[in-house]
Amino acid sequence: MSNNAQRFRVKHAVKSGAVVAALDIGCSKIACLIGRVDPETRAGFVFMGGGRQQSRGFNGGAITDMEALERSIRLAVEDAEREAGQRIDRVILGITGPKVQSELVEAEIEIGQRPVSQRDIKKVNAQALGKAQSKDREILGAYPIMYGVDDQEDIREPLGMFGSRLGVVLNVVMAPKSLVNNLSECVHRAHLEIDRMFPSAIASGAGCLIDDELENGALCIDFGGGVTTVCAFLNGVPAWLDLIRAGGTMITSDIAQAIGTTIAAAERIKTVYGTADLRSPGLAERFEAPRLGSDGRLCAGKMSRNDLAEIISPRTQEVFELIRVSISRSPLRQIMPRRTVLTGGTSQLPGSREVAGQVLAQPVRLGGPVAVDLLGDNYSSPAFSTAAGLISCSLNGFPDAAWAGNQPSALDKNAGKRLVSRIMGWLRENF
């Protein structure tokens, strides 16, 4: 078994030699990665090829133009097929949007002083799933954060344990059915079937967090172009997530507005000369910064890196302030991990890691795909953490009560309060 298989606690049945493809639909780019399953490799797959295209028709986590989005998907997939020398007809899809939300639900059942069976686990998970407010929303995953058996609360796998009561706390991740249906329609129009959807925030963590971060707790922040997501991992599972409708494109827009230039020129200036850290060296350096003249054409101009940093830094700080506020409102705020991994395309902006550390007041490291050595120079950057994580999720996955086929059942609304409160207490004491 590959070392990467140890990073998750569930393996899905994917045959050795099977072709897997990930499709990451983002606000600034669409990425497609193709691999072949090989359990003998460290990552569990051999990378075959990839493709990327500028994202059109998808902005702020919402579809704005179905035809444009379909065309972007087709082009990205065709690029990947060409590089891989392999046609694909199925993909693992990453889904993001401002209404992809996390809800904690809990339940408890009586088991009668006997060993916990698989049926008991499915039953208590189904009880908890039934409490999720899923009207007009699609359940994308339900991740058991913690089980409890009688007076013991720190249980990840209760199967076979003796007790009279079994409880669980689930993180149920849902998305609006309209978003799921419209994204599915765009993918189907590109003549592709969807094997499974994963929340992009979870896939980003699966792609860039190391074993210790997954098991002992970490926050993964994906600083993207149009949106920024945050996902907390506890006990080896995604425990909470949220999305901020702000990202790198807002920084680019600020630069274009401030100096009077085109979006394309502002993007290049940001990429080549930009920094979010007002204390970084070399800020006195001046560089060419073309501006729009009275005739609407670009003409020569100069500015200092310090002036550019003073445009970039406030917006970057604002993004991480919004993340900090989101964390403070989370039901898990008291037990949030105290270390953060920053990934995503905009995380490559110099100084963004330092600003994140200052605002969040905790250590932050910059993270790219764990399988970086397999993806080659073109796809090893943090911009492809989500796409790489989609393949990891499809091969290894996380324990998922919804994917296991549980269906909501009749509820006992008073069940679980005592045991679940002790579970949450245990979490507070140990994280």
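FYI, it's all coordinate maths here, none of it is from the lab. Worth saying up front: this structure is predicted, and the values here are computed from it rather than measured. Don't worry about glycine lacking a Cβ; one is built from the backbone with ideal geometry, like all the others, and counts go over all protein chains shown.
Of note:
- Residue exposure sequence - Asp377, Asp242 - by fewest surrounding Cβ within 10 Å: Asp377, Asp242
- Only alpha carbons enter this Debye calculation for the range 248-311, each as an equal point scatterer, and the log10 of I(q)/I(0) it gives at q = 0.15, 0.20, 0.23 Å⁻¹ is -0.41, -0.71, -0.92.
- Cα point-scatterer Debye curve for the range 1-153, base-10 log of I(q)/I(0) at q = 0.15, 0.21 Å⁻¹: -0.99, -1.22
- Relative exposure of Thr343, Thr252, judged by other C-beta atoms within 10 Å (fewest first): Thr252, Thr343
- Stretching the chain fully between Arg189 and Ser304 yields a gain of 36.7 nm (0.36 nm per residue, less the alpha carbon separation).
- Listed from fewest to most Cβ neighbours within 10 Å, the set Ser381, Ser164 follows the order Ser164, Ser381.
- Take 312-318, 82-88 and order them by the average number of nearby Cβ atoms within 10 Å per residue, most first; the result is 312-318, 82-88.
- Taking every C-alpha pair closer than 8 Å and separated by at least 6 residues, the mean separation divided by the residue count of the range 248-311 gives a relative contact order of 34 percent.
- Relative contact order computed over the chain (Cα-Cα under 8 Å; 6+ residues apart), in percent: 20 percent
- Taking each DSSP H run with n ≥ 4 as -39500 (n - 2.57) and averaging over every residue of the chain yields -10500 deg cm²/dmol at 222 nm.
- Across the cross-link table entries Lys99/Lys122; Lys123/Lys177; Lys270/Lys302; Lys99/Lys270, which are compared at the Cα atoms, the separations over 23 Å belong to Lys99/Lys122; Lys123/Lys177; Lys99/Lys270.
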